[in-house]
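The values are calculated or read from the model by the stated rules, or taken from the named source; none is laboratory data. Note that the structure is predicted; figures quoted are calculated from it, not measured. Backbone-built Cβ (ideal geometry, glycine too); neighbour counts: all protein chains shown.
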Amino acid sequence: MHFQIWWPFAFVIALVTITSIGRLAEKLIDRSKPLQPRGLQELSDKVDRIGQAVEAVALEVERIGESQRFLTRVLSDKAPEQIAGR
């Protein structure tokens, strides 16, 4: 007779417990997801590519500067000879 009275209460308590454990598990799973949205990752990738492009341009500008200094030195060394030859 006791079983007939208490089984609905036990069923409700078990249902509430299972639901609570499920919600707790969902919250823990949500916390394990990365905090950065997809858009931020794409933006970060673009910034990295822009940074690489800027470094490549800086390297080329440095090479142009070295070439210009070399040509200036070569031409300045030849200039007195050309003036004296005229």
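The rows are residues; the columns are (1) loosely packed, with under 10 Cβ neighbours inside 10 Å; (2) among the charged types (D, E, K, R); (3) within 28 Å of the chain's Cα centre (by Cα); (4) at pLDDT 80 or above.
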{"residue": "Phe9", "(1), (2), (3), (4)": "yes, no, no, no"}
{"residue": "Thr17", "(1), (2), (3), (4)": "no, no, no, yes"}
{"residue": "Asp30", "(1), (2), (3), (4)": "yes, yes, yes, no"}
{"residue": "Gln36", "(1), (2), (3), (4)": "no, no, yes, no"}
{"residue": "Ser44", "(1), (2), (3), (4)": "no, no, yes, yes"}
{"residue": "Val54", "(1), (2), (3), (4)": "no, no, yes, yes"}
{"residue": "Gly65", "(1), (2), (3), (4)": "no, no, no, yes"}
{"residue": "Phe70", "(1), (2), (3), (4)": "no, no, no, yes"}
{"residue": "Ile83", "(1), (2), (3), (4)": "yes, no, no, no"}
Checklist line | Check on Val61, more than 46 Å from the chain's Cα centre (by Cα) and modelled with pLDDT of 85 or more | finding: no
